[in-house]
Amino acid sequence: MNSEEFEKYTSAITLSDMEIFVFPELMYSLVLADIMSPIIWQWRELDCFRKLEGKSSYKKLMRLKQFIMDEYEFNLDLETWGLTSKAKELKRFEKFVSAEDIAKSNALFGYHGDQYYFDVDIRKHFGLDKYDSDIIPYWKTETIEAMNAFRFKEGYSTAAGECVSLAALYVAAAFIVCQIPLEDIYMILTPLHSQNFIDIQDGVLTNNRRLVTKAMWFNGTAISNKAQRALRNENVTIVAHSSGYVHCMYDDATTNKEAYQYFTRQLASYLSMELTLQVFANFLRSHPNYQKFFQACRDCRGQAHFIKAEVLFHYEHGSNYRIADATHEKLLAEVSDEDFVPYQLPGRIRCDELEEFIAKEKIDIKDSGGRMALVKFIETVVPDAQKFVDELADFVHIEAKLPTLDKNYLKAGPIEISVEQSREQIIDYLRQIRQDNTTADLAFYAYRDMESCDWAPFIKAAVERNPASIQMVESMSVDEVHRWLEQVENTSIYTSKRLAQPDEVANYKAGDGLEKAFLLADIILNRQPPQDIEIVVDGENILLKGPTEYRFVSTKGLEKHLFISPDGTIRISS
């Protein structure tokens, strides 16, 4: 490998948000690593999923959502993986991306988003405001193994992960458990978020642990409004797909052009809704300050009765029924008769007359003529009717800020695996193409397959990018660290000949002897004065030679002879 390639391969081990931004093929490599993992394949045998055999992919997807909601929590602890510095990260990536471009697209390097994010103080919301110096969190994306291991971390009772980890998990699980083809799933990364668009029915968006259908997207509830924040207010930096990726700053794209064009059309359709009374009611739910200008009407034994819109929305808040949908009449039945009056309320627009107007005039809120007609209809009642209509138009039609279609589309090989294939068949296929497909090759590094991968990227990552473990034992001597590691459970979070990084061992208090040796090596190399390290990996017996000799026991069945110098030089022999 040349130096640029080596940097990319070490990044496949640590998978920080910054590394994925610079090397976008890493996003799909993580997905493939999760697909290769035995964990999600075991879910298919659970009763909750076995009961859905023969059911539609959509029904399975809805059950998967509940499973992920129950088993995983969204990890907002910014310091899970320790701290780094802006200067260190900028220096590392200066050959690939300029500091100015990074600041435009990364929340840790100055990105604030558009006016909306200034208004809600998004940096404070995510806890970023306290990182106003050179020191910043080292945001890493977790494999499925690391997500599951959060159960062992103090303060957690379930598995967990940050948004990029959850997005990768959803792609892998939708493919394995719901049997949705990878070709129908598109990953959407923005500076502050990561989610997926699943091309099924009218479209489904993943949002951290939740799923958002098109109907939910436009229902005007607080949780749906939060789900919209990224696509409403951020530029999309990366779209990743089984055919490749498109990056906002790179001229070259590896995805299939037709697939990307299709995705832009499908997402645009998902993000736009025709104006109906139900959608109008959803808008009022989302903008309660306008409810005072409207009233609803019901028939009571041939006589019209009226109710203030805000009163009806108050009833809806504690009900299973909704305004203007199929359950509307049931909601009206729950309203006290005292809240209705037998006369039309002055200074309010009747929603039934509004519905009739929209249908008769065929109002298209996305068209200037349609907007003007609606302004004239409401302006006698609603102050600043133009602002009202502009906000309504913005509610029913969102334009995502996607990377431009004007790219140089390279002929890179797509990942072509089928929902009919077994885990073993998929791993064999990826092995066969990895020599000619960088994404597939990187997947084995993200998977931590030390039997088939060059060890140098893993070692470099282990001794340079694991600040949490260094901080955790900074008050201990090297001998004390060794004694502490002897007390740590000698169990790896990764199966077979796969290895955890030092910070995973430290965070989860579990590690194979070889993994513990790498943690101790990291500590020694980061102490003063740093010393040369030699690690002899001889099956069960692990010998680390540093200031003195330290021994560990491994069940990984690996054999290597390693030399690591403080200047970063790594020598490996079998």
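The values are calculated or read from the model by the stated rules, or taken from the named source; none is laboratory data. Bear in mind the structure is a predicted one, so any value in this text is a computation, not a measurement. Here Cβ is always computed from backbone atoms with ideal geometry, including for glycine, and neighbour counts include all displayed protein chains.
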Original post:
So which residues in region 347-380 are touching a Cys at 6+ places or on another chain (Cβ under 8 Å) and either among the basic types (Lys, Arg) or surrounded by 17 or more Cβ atoms within 10 Å (Cβ to Cβ) (or both)?
Top reply: ARG350, CYS351
Original post:
Among the residues of region 316-330, which ones are more than 35 Å from the chain's Cα centre (by Cα), under 22 Å from PHE293 (Cα atoms) and surrounded by fewer than 18 Cβ atoms within 10 Å (Cβ to Cβ)?
Top reply: GLU329
Original post:
Residues of region 274-310 being part of a loop (DSSP other than H, G, I, E, B) and under 18 Å from GLU356 (Cα atoms), which ones?
Top reply: GLU274, LEU275, THR276
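Looking only at helices (runs of 4 or more DSSP H) that fall completely inside region 1-90, which ones have 2 or more residues that are surrounded by fewer than 19 Cβ atoms within 10 Å (Cβ to Cβ) and touching a strand residue (DSSP E or B) at 6+ places or on another chain (Cβ under 8 Å)? Explain how you work it out, then say what you get.
Working: elements: 3-14, 17-22, 25-36, 38-43, 47-50, 57-71.
Because the criterion is at least 2 residues that are surrounded by fewer than 19 Cβ atoms within 10 Å (Cβ to Cβ) and touching a strand residue (DSSP E or B) at 6+ places or on another chain (Cβ under 8 Å), the helices (runs of 4 or more DSSP H) in region 1-90 that meet it are 57-71.
Can you name the residue in region 254-283 that is of a type in the set (A, V, I, L, M) and within 22 Å of the chain's Cα centre (by Cα) and, of all such residues, is surrounded by the most Cβ atoms within 10 Å (Cβ to Cβ)?
Top of the filtered list is LEU267.
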Original post:
Is it the case that some residue within region 402-415 is at pLDDT 95 or above, surrounded by 14 or more Cβ atoms within 10 Å (Cβ to Cβ), of a type in the set (Lys, Arg) and under 26 Å from the mean Cα position of the chain (by Cα)?
Top reply: yes
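Report yes if TYR550 is at pLDDT 95 or above, within 30 Å of GLU154 (Cβ to Cβ) and in contact with a His (Cβ under 6 Å, 6 or more places away or on another chain), otherwise no. Full working, then the answer.
Details: at pLDDT 95 or above: yes; within 30 Å of GLU154 (Cβ to Cβ): yes; in contact with a His (Cβ under 6 Å, 6 or more places away or on another chain): yes.
Against the criterion (at pLDDT 95 or above, within 30 Å of GLU154 (Cβ to Cβ) and in contact with a His (Cβ under 6 Å, 6 or more places away or on another chain)), TYR550 qualifies.
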**OP:** Sort out which residues of region 545-572 are farther than 20 Å from GLY511 by Cβ, assigned to a loop (DSSP other than H, G, I, E, B) and touching a Ser or Thr at 6+ places or on another chain (Cβ under 9 Å), and write them in order of number.
**Re:** none
Subject >> The one condition in (1) within 23 Å of MET187 (Cβ to Cβ); (2) touching a helix residue (DSSP H, G or I) at 6+ places or on another chain (Cβ under 7 Å); (3) free of Cβ contacts under 8 Å to residues at least 40 places away in the same chain that HIS241 fails to fulfil >> reply: (3)
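Considering every residue within region 440-455, establish whether at least one is over 26 Å from the mean Cα position of the chain (by Cα), assigned to a helix (DSSP H, G or I) and closer than 23 Å to ASP538 by Cα.
Restricting attention to region 440-455, the residues satisfying the condition of being over 26 Å from the mean Cα position of the chain (by Cα) are 450-455.
In the following step, the residues that additionally are assigned to a helix (DSSP H, G or I) were identified as 455.
Subset that is closer than 23 Å to ASP538 by Cα: 455.
Yes, some residue in region 440-455 is over 26 Å from the mean Cα position of the chain (by Cα), assigned to a helix (DSSP H, G or I) and closer than 23 Å to ASP538 by Cα.
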**OP:** Please work out which one of (1) within 13 Å of LEU267 (Cα to Cα); (2) within 17 Å of the chain's Cα centre (by Cα) is the condition ILE238 fails and give its number.
**Re:** (1)
**OP:** Return only the number of the condition from (1) within 23 Å of ILE20 (Cα to Cα); (2) in the same structural domain as LEU354 (by TED's automatic domain parsing) that THR380 does not satisfy.
**Re:** (1)
Subject >> Check on VAL537, of a type in the set (A, V, I, L, M, F, W, C) and surrounded by fewer than 22 Cβ atoms within 10 Å (Cβ to Cβ) >> reply: no
**OP:** Please work out if SER224 is buried (at least 17 other Cβ atoms within 10 Å of the Cβ), under 23 Å from ILE180 (Cβ atoms), at pLDDT 95 or above and assigned by TED's automatic domain parsing to the domain that holds ILE185.
**Re:** no
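Filter region 91-140 down to residues that are part of a loop (DSSP other than H, G, I, E, B) and under 25 Å from PHE6 (Cβ atoms) and give me whichever is modelled with the lowest pLDDT.
Of the residues in region 91-140, the ones part of a loop (DSSP other than H, G, I, E, B) are 94-98, 106, 110-114, 121, 126-134, 138-139.
Remaining after also requiring under 25 Å from PHE6 (Cβ atoms): 94-98, 106, 138-139.
On the way: GLU94: 90, LYS95: 91, PHE96: 92, VAL97: 89, SER98: 88, ASN106: 71, TYR138: 87, TRP139: 84.
Top of the filtered list is ASN106.
Every residue, every condition in (1) in contact (Cβ under 8 Å) with a residue 60 or more places away in the chain; (2) assigned by TED's automatic domain parsing to the domain that holds ARG265, yes or no:
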| position | (1), (2) |
| --- | --- |
| ASN408 | yes, yes |
| ALA412 | yes, yes |
| ILE417 | yes, yes |
| GLN421 | no, yes |
| GLN425 | no, yes |
| ILE433 | no, yes |
| LYS460 | yes, no |
| GLU464 | yes, no |
| VAL473 | no, no |
Original post:
Which of (1) surrounded by fewer than 19 Cβ atoms within 10 Å (Cβ to Cβ); (2) without any contact (Cβ under 8 Å) to a residue 40 or more places away in the chain; (3) over 22 Å from ILE185 (Cβ atoms) is the odd one out, the single condition GLU391 does not satisfy?
Top reply: (2)
**OP:** For region 520-542, enumerate the residues that are under 13 Å from SER554 (Cβ atoms) and in contact with a helix residue (DSSP H, G or I) (Cβ under 9 Å, 6 or more places away or on another chain).
**Re:** ILE535, VAL537, GLU540, ASN541, ILE542
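Of the residues that make up region 325-336, is at least one under 23 Å from HIS397 (Cα atoms) and of a type outside the set (Phe, Trp, Tyr)?
Yes.
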**OP:** Being closer than 24 Å to MET476 by Cβ and surrounded by 15 or more Cβ atoms within 10 Å (Cβ to Cβ) is the filter here, so list the residues in region 546-565 that pass it.
**Re:** GLY546, TYR550, PHE552, SER554, LEU562, ILE564
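Being of a type in the set (Asp, Glu) and more than 18 Å from SER242 (Cβ to Cβ) is the filter here; which residues of region 392-443 pass it? Step through it out loud before you land on a result.
In the first step, residues of region 392-443 are kept if they are of a type in the set (Asp, Glu); the result is 394, 399, 406, 416, 420, 424, 428, 436, 441.
ASP394, GLU399, ASP406, GLU424, listed by residue number.
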**OP:** Give just the number: which of (1) at pLDDT 95 or above; (2) not in a helix (DSSP H, G or I) does PHE313 not satisfy?
**Re:** (2)
